[in-house]
Each structure stands twice: as C-alpha cells, then as structure tokens.
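A quick write-up on the structure given underneath.
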Amino acid sequence: MKKVLVTGGLGFIGSHTVVELQQKGFEVVIIDDLSNSSIDVLAGITAITGKAPAFEKLDLKEKSKVESFFENHQDIVGVIHFAASKAVGESVEKPLLYYENNINTLVYVLKSLLHLPTQNFIFSSSCTVYGQADEMPITESAPIKAAESPYGNTKQIGEEVIKDTCKVNSTLNAIALRYFNPIGAHSSTKIGELPIGVPQNLVPFITQTAAGLRKELSVFGDDYPTPDGTCIRDYIHVVDLAKAHVVALERLVGKNNTSNYEIFNLGTGKGSSVLEVIQSFEKASGQKLNYKIAPRREGDVIQAYADTTKANTELGWKAESNLDDALLSAWKWEKHLRNI
Ligand code: WQD
C-alpha cells in the first residue's frame with residue numbers, strides 16, 4: 001500500500017484529505033503538533049474510513065525531529081503539507097510566529113524529503129497570493145501582488161522556496177494548490193471545521209450565529225463596487241478540495257506531471273457575495289439569520305473567484321458541490337457539534 005505523509009492532517013482541510021486518501025487506498029501517516037487541532041479528529045477520521053491513520057505528534061519547527069521522522073519513513077511516496085498557521089489577523093500581530101511556523105517548517109520538510117528515493121510534494125497554498133487581482137476570474141498566471149498580511153506573504157514565500165528548490169533538484173516533483181475559500185464539512189458529520197475562539201471566517205460565524213452561539217453576524221461592508229455592495233468570494237466545499245489533493249498526488253505518483261513544479265487554482269469558478277451566502281444559507285438551512293451591516297474589514301479584497309480551466313483540463317478535477325450543498329453540510333456539522 002502506498003504510504004503518504006500528511007502534515008497538519010488533523011486540521012480542517014487536512015483531515016478531510018486523509019479520509020479521501022484512505023478511501024482511495026493510500027496508507028496515511030499524519031504529523032500534527034495539535035496547536036490548532038484536536039486529537040479527537042483522529043477518531044472522526046477512523047469512524048468514517050474504519051481505518052486509523054498512523055499519527056505522530058511532532059513540532060515541525062524541531063529540525064532534528066523532522067530528520068529522524070523521514071529517516072524512519074523512507075518508503076513514503078508523497079508528502080501533502082498542510083501544517084501552517086493560517087489566521088490573517090493573528091499574522092499581523094505575530095509576524096515572527098508565522099515566518100517561523102510557516103517557512104522554517106517547510107524548509108525542514110523539503111530538506112529531509114530530498115534524501116528519500118521518491119520526492120513528491122503537494123503544497124497548501126492560497127488565493128491570498130493574488131491580493132486584489134485585476135481580472136476575474138483569476139487564472140494561475142495572474143500577477144502575484146504584494147501580500148496584504150504576513151500570512152499571505154508566507155504563502156508567497158513558500159511557493160518561491162519550492163520553485164527554487166525544484167529548479168535545482170529534478171528528482172523533486174511539486175504541486176502548489178491555491179485554495180479559494182474552503183467551507184463545509186464531511187457528510188458524516190464526524191469531521192468538520194473547528195474554529196478556536198470567535199470565528200474569523202464567514203461561514204463558521206454564520207453557522208454559530210444560527211446555532212445561537214453568536215448574537216448576530218456583522219457583514220463587513222456593503223459599499224464595495226459589487227452588484228449588492230458586499231465582497232465576492234469563491235466558496236468551495238472542503239470535500240471537493242480534499243479530492244483535488246488526491247488527484248494531484250496521483251498525478252505525481254503516476255509521473256503525469258508536465259513539469260516538476262506546477263500550480264493549480266482550486267475553486268468552483270463561481271463568485272458569491274456575502275449577502276448571497278446569507279440568502280443561500282437561509283434557503284439551505286430553513287433558518288433566518290440575524291445580521292447587520294458593519295464597517296469594512298481591513299485587508300479584505302473586493303472580489304476573488306477562480307478560473308478553474310487548468311485544474312479541470314490538466315488535473316482532470318472539478319468541484320462537484322454548489323454553495324447550497326456546502327452551506328447545508330456546514331450547518332449539519334454545527335448542529336452536530338451543539339447537539340441541536
Ligand atoms: C469572506 C468574506 C469578509 C467574516 C481568508 C483568508 C484565506 C483563507 C480563507 C486560509 C469577506 C466577509 C467574514 C464575518 C463578514 N484562509 N465576512 N463577516 O478573508 O476571503 O479568506 O480565509 O487559507 O487565506 O484570507 O475569508 O471567510 O474571512 O471572509 O462579512 O464575520 O466574508 O469581509 O468579504 P477571506 P473570510
């Protein structure tokens with residue numbers, strides 16, 4: 001059985017990807033430091049697939065620990081690297097925490113991977129690298145703008161680190177996946193998004209408001225140059241995103257990549273405004289949502305949605321779920337979490 005390392009495999013996107021990997025016949029070993037995830041997620045994954053992935057609690061900032069892990073796992077066919085800090089606001093307050101945790105760890109994993117017989121690497125990147133793109137939908141060749149936050153900068157730097165390393169190591173084959181806005185949860189309600197504290201992202205704030213944990217949703221600005229004045233994003237079901245990682249890994253394992261460093265946008269190709277998300281949630285859940293219009297949030301781009309042509313044609317992947325499906329899955333997960 002082909003063995004895959006998933007770093008950050010107990011996180012939101014990581015755990016959904018582990019499920020899809022196992023269901024496609026891969027053996028999975030997870031590394032997670034549990035700084036932004038719970039060990040309970042392991043049981044959730046096992047409940048879905050019937051197979052407990054191997055798990056090692058390990059801080060990837062500890063270089064020697066990373067080295068010994070790879071020495072003991074020479075047989076892995078690929079690494080899917082999710083482990084990183086990802087809160088935009090926090091990154092502004094604690095830049096060094098982000099540069100250390102998102103960049104040092106990437107360097108240590110790549111350095112160790114280069115000693116293995118098989119060197120396939122999938123990187124968790126983000127549409128944040130585009131900043132406010134000039135044209136919609138956004139293609140992979142859209143210019144990379146100056147990052148709006150240290151978090152976004154770590155994704156840009158991470159891609160550069162991988163690109164430069166691939167340039168001088170033909171044995172290393174890498175794919176960077178630029179996610180748009182991942183939302184929703186596995187249909188089993190055994191795993192889903194577990195925001196710590198007050199959710200920063202739109203959809204978990206919506207579901208917590210509908211569940212009565214939050215008084216009301218603040219819509220951050222309705223005076224943007226968009227049809228209804230609110231920001232537009234490309235909300236993609238997390239299971240569709242997870243499946244794309246398996247397809248990308250199989251591409252490298254099957255040596256079907258056309259170069260040893262490729263980039264793909266992962267979105268639905270459809271933009272939805274904040275107000276449209278609210279309407280879709282109310283329709284999908286049958287729940288009225290309390291919300292008010294609030295001032296704009298610093299750093300928000302006006303709109304970002306993907307041109308998915310490259311992923312559709314070259315990767316052979318397409319998102320299957322629409323916004324209603326994804327929001328309903330998020331609501332079912334929230335109700336499961338709160339026993340309602
Ligand atoms: C979406 C829209 C907000 C909360 C971020 C990161 C990105 C990725 C996904 C990690 C915006 C509005 C939000 C709220 C609101 N993270 N909103 N009220 O900012 O597009 O992307 O999360 O990879 O890298 O940048 O997602 O969900 O925070 O916001 O009105 O309480 O919802 O203004 O227009 P974002 P988001």
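The values are calculated or read from the model by the stated rules, or taken from the named source; none is laboratory data. Worth saying up front: this structure is predicted, and the values here are computed from it rather than measured. Reconstructed Cβ throughout: ideal geometry from the backbone, glycine too, with neighbour counts over all protein chains shown. The protein model used for the area step is the full one, side chains on, heavy atoms only, and it has no ligands, DNA or RNA in it. Shrake-Rupley method; radii C 1.70, N 1.55, O 1.52, S 1.80 Å.
Within segment 272-314, restricting attention to residues that are surrounded by fewer than 21 Cβ atoms within 10 Å (Cβ to Cβ) and closer than 24 Å to Val247 by Cα, which residue is nearest to the ligand (Cβ to nearest atom)? Here the residue is Asp307.
Only one of the numbered conditions (1) crowded, with 19+ Cβ neighbours inside 10 Å; (2) over 21 Å from Gly192 (Cα atoms); (3) away from the ligand (no atom under 14 Å from the Cβ) is violated by Asn265, and that is (3). Across segment 228-251, a minimum of one residue is classified as of a type outside the set (Ser, Thr, Tyr), in the same structural domain as Phe121 (by the TED database) and open to solvent by 50 Å² or more (accessible area, probe 1.4 Å). Counting only residues that are part of a loop (DSSP other than H, G, I, E, B) and surrounded by 21 or more Cβ atoms within 10 Å (Cβ to Cβ), segment 322-340 holds 0 of them. Considering only segment 209-224, I want to know if a residue exists there that is in a helix (DSSP H, G or I) and either within 16 Å of the ligand (Cβ to nearest atom) or closer than 21 Å to Val129 by Cβ (or both). Yes, because at least one residue in segment 209-224 is in a helix (DSSP H, G or I) and either within 16 Å of the ligand (Cβ to nearest atom) or closer than 21 Å to Val129 by Cβ (or both). All conditions but one from (1) over 30 Å from Lys163 (Cβ atoms); (2) surrounded by fewer than 17 Cβ atoms within 10 Å (Cβ to Cβ); (3) in contact with a helix residue (DSSP H, G or I) (Cβ under 9 Å, 6 or more places away or on another chain) apply to Lys318; the one that does not is (1).
Identify the residue in segment 131-166 that is in contact (Cβ under 8 Å) with a residue 12 or more places away in the chain and among the charged types (D, E, K, R) and, among all such residues, is nearest to Ser85 (Cα to Cα). Taking the candidates together, the pick is Lys155. Considering segment 188-207, the residues that are surrounded by fewer than 16 Cβ atoms within 10 Å (Cβ to Cβ) and aliphatic (A, V, I, L, M) include one that is nearest to the ligand (Cβ to nearest atom), namely Val198.
On the given criteria, is Gly25 within 17 Å of Trp333 (Cα to Cα), over 17 Å from the mean Cα position of the chain (by Cα) and of a type outside the set (Val, Ile, Thr)? No: the conditions fail for Gly25. Scanning segment 159-185 for residues that are in a loop (DSSP other than H, G, I, E, B) and crowded, with 22+ Cβ neighbours inside 10 Å yields a count of 3.
Within the bounds of segment 240-250, is there any residue that is farther than 16 Å from Ala319 by Cβ, more than 9 Å from the ligand (Cβ to nearest atom) and either modelled with pLDDT under 95 or more than 23 Å from the chain's Cα centre (by Cα) (or both)? Looking for residues that are farther than 16 Å from Ala319 by Cβ, more than 9 Å from the ligand (Cβ to nearest atom) and either modelled with pLDDT under 95 or more than 23 Å from the chain's Cα centre (by Cα) (or both), one finds none in segment 240-250, hence no.
Applying a threshold of 6 Å to beta carbon distances and a minimum spacing of six or more residues, or different chains, the list of pairs starting in segment 292-317 at a residue that is free of Cβ contacts under 8 Å to residues at least 24 places away in the same chain and ending at one that is open to solvent by 50 Å² or more (accessible area, probe 1.4 Å) reads Asn312/Lys318.
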